[in-house]
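The values are calculated or read from the model by the stated rules, or taken from the named source; none is laboratory data. For clarity, every value in this text was computed on a predicted model and none was experimentally measured. No Cβ is skipped: glycine too gets one built from the backbone with ideal geometry, and neighbour counts run over all protein chains shown. Only protein heavy atoms, including side chains, enter the accessible area calculation; ligands, DNA and RNA are left aside. Shrake-Rupley method; radii C 1.70, N 1.55, O 1.52, S 1.80 Å.
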Amino acid sequence: MAENILVIGGGPAGLNAATMLSELGVNVTLVERDSFLGGNPKKFKYKFLFPDMQPADNVIGELIKKAEAAGNIKVNYSSEVSDFKENGKKFDATIKSADKSEIKTFDSVIVATGFEHFDPARDAKYSYQLFDDVIDIKDLERMMGENNLLRPSNGKPPKKVAFILCVGSRDRHVGNQYCSRVCCTVSVKQAIELREHFPDCEAYIFYMDIRTYGFFEDLYWKSMEEYDVQIVKGRVAEITSGPDNTVVCKGEDTLLRGPFEIQFDMVVLASGMEGGPQSPEISKKLGIELDEHGFLKPENVTLSPFKSNKDGIFLAGACTGPKAISDSITEGAAAAMNAYTYAVKNR
Amino acid sequence: MALEKNESRPVAEKGEHIIARHLIDDDSIKEEKNLVIDGVDVSGRWNTFILSRVDSEFDRSFFNEIKETVVGSRINRCWQCGMCTASCTVTPLYRRFNPRAFIYMMQLGNLKELKKYIDVAWRCVGCYKCSQRCPKQVNPAEMMEALALVVKKYFPEEVETKLKLDEEVKKIYEDMILGHGRLDLAKLHTSSMQKAGRAKELLGRIERDAIFKMAKDGRAFSILKLGKPRGWGRSKDAIENYLKNLKTIERNTD
Ligand SMILES: Cc1cc2nc3c(=O)[nH]c(=O)nc-3n(C[C@H](O)[C@H](O)[C@H](O)COP(=O)(O)OP(=O)(O)OC[C@H]3O[C@@H](n4cnc5c(N)ncnc54)[C@H](O)[C@@H]3O)c2cc1C
Ligand code: SF4
Ligand code: SF4
Ligand code: SF4
C-alpha cells in the first residue's frame with residue numbers, strides 16, 4: 001500500500017514537496033487555504049523573478065502544472081487542518097473546507113505555510129496609509145504583474161522614485177530584528193524594471209546596508225552600471241507630503257553628514273517578510289516549536305533545517321525564515337525525502 | 001645644535017608660504033614664528049611643516065568610559081543609520097550638530113574630531129524624537145547627555161572660552177527663575193545682549209519700535225506688575241535642591 005503524506009501550504013515549497021512525493025508513488029494530500037496554488041508569488045502576481053529576471057510563470061506556473069497533473073496529489077483548495085492528533089507514529093488530521101470536513105491518517109507531515117508581507121501601515125513614520133504614492137514592493141510587484149507602473153495618485157508615469165530599504169525589518173520598534181534577506185534584491189530588481197519602462201524616471205535607493213548576498217550582487221551592480229540607479233546612504237526617518245502632489249523623504253545622508261528632505265513622486269517601501277498569523281497557529285495546532293522571530297523553529301538550524309522538533313513533522317520554505325524561491329524549492333525536496341524516509345521506516 | 005628664539009624679528013602669517021594655504025587647517029601646520037638654529041635664521045618659510053591628517057588610532061578606552069555611564073551605556077548598539085539626525089529638532093538649525101556623527105566619534109574615541117564641535121555639542125534640546133525613531137534603541141537623546149559630560153571633562157578650557165557666554169546667559173536665566181519664579185523675556189534678551197557686548201544693537205529701529213508699541217498698548221506696564229507665582233518658596237527650594245544635586249553628580253563623573 002502506498003504511503004499517505006500531508007502537505008500544508010501550496011506555495012513554491014509545498015508544491016515541490018508534493019510533486020517529488022508523487023513521483024515516489026506517495027498519495028499526497030495538499031491543503032491550501034487560498035482558492036489557488038502558487039503561494040505569495042501567485043497572490044501578488046510577481047512577474048519577473050530575481051536573480052535572472054525570468055518570467056515567474058516559468059517557475060510558479062510550472063510547479064502548479066506539475067502538481068495539478070499528478071494523479072496522486074489530492075489538492076484541497078480553500079481548506080485547512082482543523083484538528084490534529086498524533087496516532088502512534090502516525091497522525092490523524094481533520095481537513096476542513098467550507099462544505100465538508102474529513103478525517104484521514106497520515107504517515108508523515110510537511111508544513112510549508114510560508115510567510116506574510118510586513119504591513120507597512122504598522123510603522124506610522126512611513127505614511128503608507130496616508131499617501132497614495134507611497135507603496136511597497138509587493139504592491140509594485142502586483143502593479144507590474146498587471147502591467148501598470150503608473151503613479152496611483154494621478155495615473156501618470158513617475159519621474160522620480162525612491163526605494164526605502166529595511167521597512168519592517170531590523171528595527172526594534174516594529175519588533176523585527178532580523179533581516180528579510182530578499183527585499184534588497186527585490187528593490188534593485190524593481191529599480192531596473194522601472195528604469196527599463198521609463199528611462200526618464202530617476203531611481204534612488206536609500207540604504208543602510210545593501211544585502212544582495214551571493215550572486216544576487218550581480219543585479220545590484222547591473223542596477224548601477226547599466227541603469228544609473230543612485231544609492232544614498234541613510235535610513236529614511238519620515239515621509240511627509242510635499243508641494244505639487246509629491247511625497248517628501250526625510251533622512252540623513254550619513255556620508256555627507258547632514259539631513260535631507262527630498263521630493264519624490266513615488267516611494268516604494270521594501271517591506272520585509274514575517275511569520276504571519278499562520279506560524280503561531282500551526283505551531284499550536286501541531287505542537288511544534290515557534291522561534292523568537294515568529295517563524296517555525298527547525299530542530300537544528302544547521303544540521304536539519306527541514307525538520308521540526310517533532311518526529312514525523314517536517315518544515316520547508318519561508319515558514320522557517322525569510323528566503324528566496326530557490327531555497328524554498330530546495331527545502332521542499334529535502335522535506336519530501338525526509339518525510340518519505342520516515343513514512344517507509346514506520347510502515 | 002643650539003635652539004634659540006629670537007623674539008624681536010617680525011614674521012609673516014602662519015603657513016604663509018604654503019601655496020594652497022586655504023586647503024589646510026590651522027591645526028595641521030607646525031611652525032615656529034622665530035627660530036634660529038646654530039646662528040642661522042630659519043623663521044617662517046624654512047621650518048614650516050604640514051602635519052599628516054591621517055587618523056592613526058582608535059581609542060577604545062574612551063568607548064569603555066562612555067559605556068560605564070548610565071546615559072551612555074548603549075553606545076555599542078549604534079550602527080550609524082542616521083535616523084536620529086534625520087529626526088533631530090536641532091540639526092536643521094545647526095547642521096554641525098549631528099547626533100549620529102557624535103556617537104561615531106565617541107565610539108572611535110576620536111577626540112580630535114569631537115573637539116571641533118564643542119560649541120554645538122551641548123545643543124540637544126531633549127525632545128527625544130531621535131530616541132523614538134532609533135531602530136536599535138540606542139537612546140541617542142541620552143547619548144547627547146553623555147557627550148556633554150565628556151566635552152566638559154576633556155576640554156575644560158575650550159568649554160570655558162567657547163561656552164562662556166552660554167554659561168552666563170544660563171546664570172541670568174536661573175537667577176531670574178529662582179528670584180522671581182517667572183521668565184522675563186525682555187530682560188533676558190537685554191542682559192544677554194549686554195553680556196555679548198552687543199548692547200548697542202538694542203537701540204536699533206526694530207527694538208525701539210517694539211518698546212514704543214508695548215508702552216502704548218500697556219503691555220510693558222502689566223509685565224512690571226507681575227508678581228511671583230503663589231507658594232513660590234517651596235518650588236524655589238525644590239529647584240535649588242535639584243541644581244545642587246546636579247552639580248554634585250557632575251563633579252562625581254569628572
Ligand atoms: C516582494 C517580494 C518579491 C519576491 N521576489 C522573489 C523573486 O523574484 N525571486 C525569488 O527567488 N524569491 C522572491 N521572493 C521570495 C519568495 O516570495 C519566497 O521565497 C516564496 O514565496 C516562499 O515560498 P513558500 O512556499 O515557502 O511560501 P509562500 O509563498 O508564502 O506560500 C505559502 C502557502 O501556504 C498557504 N498557507 C499558509 N498558511 C496555511 C494554512 N494554515 N493552511 C493552509 N495553507 C496555508 C498560503 O496560502 C500560501 O499559498 C520575493 C518575496 C517578496 C516579499
Ligand atoms: S534584505 Fe536588505 S532591505 Fe531587506 S531587511 Fe535585509 S538589509 Fe534590509
Ligand atoms: S533629543 Fe536632542 S539629539 Fe535627540 S532629536 Fe531632540 S534635540 Fe536632537
Ligand atoms: S538612530 Fe540609533 S542606531 Fe541610528 S545612528 Fe542614531 S543612535 Fe545610531
Among the polar types (S, T, N, Q), surrounded by 16 or more Cβ atoms within 10 Å (Cβ to Cβ) and either in contact with a strand residue (DSSP E or B) (Cβ under 6 Å, 6 or more places away or on another chain) or modelled with pLDDT of 95 or more (or both), is that true of A:Ser78? no
The one condition A:Pro158 fails out of (1) outside any strand (DSSP E or B); (2) within 23 Å of A:Asn40 (Cα to Cα) is (2)
When the stretch A:216-241 is checked residue by residue, the ones that are open to solvent by 30 Å² or more (accessible area, probe 1.4 Å) and in contact (Cβ under 8 Å) with a residue 40 or more places away in the chain are A:Asp218, A:Glu238, A:Thr240, A:Ser241
Inspect all residues belonging to the stretch B:109-123 and state whether any of them is within 16 Å of ligand 3 (Cβ to nearest atom), within 12 Å of chain A (Cβ to nearest Cβ) and either among the small types (Gly, Ala, Ser) or in contact (Cβ under 8 Å) with a residue 60 or more places away in the chain (or both). no
Yes or no: the stretch A:323-334 includes at least one residue that is in a loop (DSSP other than H, G, I, E, B), assigned by TED's automatic domain parsing to the domain that holds A:Gly10 and in contact with an Asp or Glu (Cβ under 9 Å, 6 or more places away or on another chain). yes
Of the candidates B:Arg100, B:Arg77, B:Arg95, B:Arg133, the one satisfying the condition of being closer than 20 Å to A:Gly251 by Cα, free of Cβ contacts under 8 Å to residues at least 40 places away in the same chain and within 14 Å of another protein chain (Cβ to nearest Cβ) is B:Arg95
Look at A:Ile164 and say whether it is closer than 30 Å to B:Lys136 by Cα and surrounded by 22 or more Cβ atoms within 10 Å (Cβ to Cβ). yes
If I filter the stretch A:171-182 for residues that are in contact with a Cys (Cβ under 7 Å, 6 or more places away or on another chain), open to solvent by less than 10 Å² (accessible area, probe 1.4 Å), within 21 Å of A:Gly251 (Cβ to Cβ) and touching a residue at least 60 places away in the same chain (Cβ under 8 Å), do I get at least one hit? no
Going by what's in this entry, would A:Ile210 be described as more than 10 Å from every other protein chain (Cβ to nearest Cβ), within 13 Å of ligand 2 (Cβ to nearest atom) and part of a loop (DSSP other than H, G, I, E, B)? yes
Checked B:Arg95, B:Arg53, B:Arg60 against criteria (within 14 Å of ligand 3 (Cβ to nearest atom) and within 16 Å of B:Leu114 (Cα to Cα)); the one match is B:Arg95
Scanning the stretch A:126-183 residue by residue, those away from ligand 2 (no atom under 15 Å from the Cβ) and among the polar types (S, T, N, Q) turn out to be A:Ser127, A:Gln129, A:Asn147, A:Asn148, A:Ser153, A:Asn154
Quick check, is A:Lys159 in contact with an Asp or Glu (Cβ under 6 Å, 6 or more places away or on another chain) and buried (at least 16 other Cβ atoms within 10 Å of the Cβ)? no
What are the residues in the stretch B:136-175 that are touching a Ser or Thr at 6+ places or on another chain (Cβ under 9 Å), within 14 Å of chain A (Cβ to nearest Cβ) and open to solvent by 30 Å² or more (accessible area, probe 1.4 Å), if any? B:Gln137, B:Asn139
Log entry, pairs with first residue in the stretch B:22-39 being basic (Lys, Arg), second being outside any loop (DSSP other than H, G, I, E, B), beta carbons closer than 6 Å, six or more apart or on different chains, reads B:Lys30/B:Phe49
Looking at the stretch A:147-199, which of its residues are among the aromatic types (Phe, Trp, Tyr) and within 14 Å of chain B (Cβ to nearest Cβ)? A:Tyr178
Check A:Ser271, A:Ser308, A:Ser279 and return the single one that is open to solvent by less than 50 Å² (accessible area, probe 1.4 Å), in contact with a His (Cβ under 7 Å, 6 or more places away or on another chain) and among the polar types (S, T, N, Q). A:Ser271
Filter result for B:Gly109 (surrounded by 15 or more Cβ atoms within 10 Å (Cβ to Cβ), over 15 Å from B:Val151 (Cβ atoms) and not basic (Lys, Arg)): no
Can you say whether B:Gly126 is in the same structural domain as B:Gln107 (by TED's automatic domain parsing), without any contact (Cβ under 8 Å) to a residue 40 or more places away in the chain and either more than 16 Å from ligand 1 (Cβ to nearest atom) or open to solvent by less than 80 Å² (accessible area, probe 1.4 Å) (or both), as far as the supplied structure shows? yes
Since A:Arg235 meets every condition but one in (1) touching a helix residue (DSSP H, G or I) at 6+ places or on another chain (Cβ under 7 Å); (2) more than 14 Å from chain B (Cβ to nearest Cβ), which condition does it not meet? (2)
I'd like to verify a number: residues in the stretch A:242-260 that are more than 11 Å from A:Tyr126 (Cα to Cα) and either open to solvent by 20 Å² or more (accessible area, probe 1.4 Å) or away from ligand 3 (no atom under 16 Å from the Cβ) (or both), how many? 11
Would you point out which residue out of A:Glu274, A:Glu252 is within 30 Å of A:Lys310 (Cβ to Cβ) and touching a strand residue (DSSP E or B) at 6+ places or on another chain (Cβ under 8 Å)? A:Glu274
Given the structure, is A:Ile231 in a strand (DSSP E or B), under 25 Å from the mean Cα position of the chain (by Cα) and not small (Gly, Ala, Ser)? yes
